[in-house]
Amino acid sequence: MLIYKIFQADEWATLQDQGASDGAPIDISDGYVHFSTAEQAAETAAKHFAGIEGLTLLTCDADAMGDDLKWEVSRGDALFPHLYRQIRMTDVVWSCPLPFDGQTHLFPEGME
């Protein structure tokens with residue numbers, strides 16, 4: 001199953017440069033890296049990244065993360081994937097810009 005992480009430009013640059021990252025400030029504060037499913041990603045963008053440009057959408061394979069990935073109840077009592085280790089470049093299946101059109105972020109078609 002594919003899961004998604006939204007990074008700001010500096011966070012994405014750190015992951016690319018260092019090969020691993022503790023994530024965004026909220027990830028560091030909470031002690032795990034927050035991910036979303038395809039169904040949750042747009043709401044995550046609207047809630048936590050409203051109006052922010054220059055974002056990157058990372059796609060990762062949940063199954064490849066093994067026991068370090070836990071599914072836990074979060075927003076709206078839904079299960080969200082939380083990674084209890086650094087996110088690594090080797091976790092990223094693909095990435096793409098997440099443009100903002102002035103009202104909403106534009107996610108790629110075909111997200112599963």
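Tabulated data for the structure shown
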read-out: Residue within region 65-84 that is of a type in the set (Asp, Glu) and in contact (Cβ under 8 Å) with a residue 60 or more places away in the chain present; value: no
read-out: Matching residues in region 39-88 - criterion: being among the β-branched types (Val, Ile, Thr) and surrounded by fewer than 13 Cβ atoms within 10 Å (Cβ to Cβ); value: 73
read-out: Residue match in region 67-77 (condition: of a type in the set (A, V, I, L, M, F, W, C) and in contact with a Ser or Thr (Cβ under 9 Å, 6 or more places away or on another chain)); value: no
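Laboratory data are not the source of any read-out in this text; all were calculated from the coordinates shown. Keep in mind that what you see is a predicted model, and the values were worked out from it rather than measured. Backbone-built Cβ (ideal geometry, glycine too); neighbour counts: all protein chains shown.
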